[in-house]
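Read the structure below first, then the notes.
No value in this document is a laboratory result; all are computed from the given coordinates. In this text, all values refer to a predicted model and were calculated from it rather than measured experimentally. Here Cβ is always computed from backbone atoms with ideal geometry, including for glycine, and neighbour counts include all displayed protein chains.
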Amino acid sequence: MSIRVATDADRDAIARICRLTGAAGQDATGVYGDDTVLADVYATPYLDGPDCFALVWDQGHGAVGYCVGTMDTEAFQAWFSDTWWPSVASTHAIVTEGDERLLRAATDRSRMLTPLTGEYPAHVHIDLLPEAQGRGAGRALIEAAVDLLRSHGVSGIHLGVDPANEGALAFYPKVGFSVVPDSGGAMFTRATEASAV
Ligand SMILES: CC(C)(COP(=O)(O)OP(=O)(O)OC[C@H]1O[C@@H](n2cnc3c(N)ncnc32)[C@H](O)[C@@H]1OP(=O)(O)O)[C@@H](O)C(=O)NCCC(=O)NCCS
């Protein structure tokens, strides 16, 4: 099995994967003033935050992909805004236009709060290095995340997709997600069919 639970030793690999896939699925190196900021918003906090999980795809040579997320988006948003972002914000300055957008999002205390969190309280981020794509790892990671959420009694997942990311827009419906009506095709949900625990 190539999926394992991430440890702190995977932090740098997870940040690197995030950077190399973070521009609508393509390499985001140079898009931001420093190349660590994207992971500080979208990837590494899930190694530390409340009710979080982090799975990696590793065929024996280190993590080449991940699915990270939280089972409780509202609790995660509060922790992100009150604890996580203040602990890293001073290391990130606005240098590029990309920084401006990203740092505005990072400081938005309502960024992750959507009415979807009632039925679909979890959210995830999934990214694989190019060499690991197109071989079933994405599907396997999503199924592992859904199994984990179901085992914790979490009823569903929601996630957002950059409308420019054609690969991701094609992927999610193939792995059980439905487009949220009126979301411009950019939000997806999947129920886990968990029984209440
Ligand atoms: C999107 C991503 C997670 C998909 O993972 P993957 O391992 O490449 O996908 P899989 O091989 O498991 O494919 C599962 C299904 O999705 C389809 N699919 C995956 N990527 C696709 C693409 N780019 N275009 C069309 N279909 C795609 C596959 O054809 C397959 O369908 P099938 O069951 O009918 O054969 C991965 O390609 C990736 O990390 N991309 C770059 C980062 C990214 O965009 N992350 C998502 C951000 S929202």
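Distance between the modelled labels on residue 164 and residue 83, one decimal in nanometres: 3.4 nm (7 Å Cα→Cβ projection).
Between residue 75 and residue 97, the C-beta separation translates, for a Förster distance of 30 Å, into a calculated FRET efficiency of about 0.40.
Overall size of the chain from C-alpha positions, given as principal axis extents largest first: 46, 38, 32 Å.
The alpha-carbon atoms of segment 1-93 define a convex hull whose volume equals 102 cubic angstrom per residue. Extending 7 Å from Cα along the Cβ direction at residue 179 and again at residue 4 yields two label points whose distance is 3.9 nm.
If the chain linking residue 107 and residue 191 were pulled fully straight, counting 0.36 nm for each residue of separation and taking away their Cα-Cα distance, it would gain 27.3 nm. Using the Stokes-Einstein relation with a Kirkwood hydrodynamic radius computed over Cα pairs, the translational diffusion coefficient of segment 15-61 at 4 °C and a viscosity of 1.567 mPa s comes to 112 µm²/s.
Once the Cα gyration tensor of segment 97-197 is found, what semi-axes does its equivalent ellipsoid get, as square roots of 5 times the eigenvalues, in whole Å, sorted largest first?
In descending order the semi-axes read 22, 20, 13 Å.
What the pair-distance distribution of segment 65-151 shows, using all Cα-Cα distances binned every 10 Å from zero, is 15, 35, 35, 16, 0 percent.
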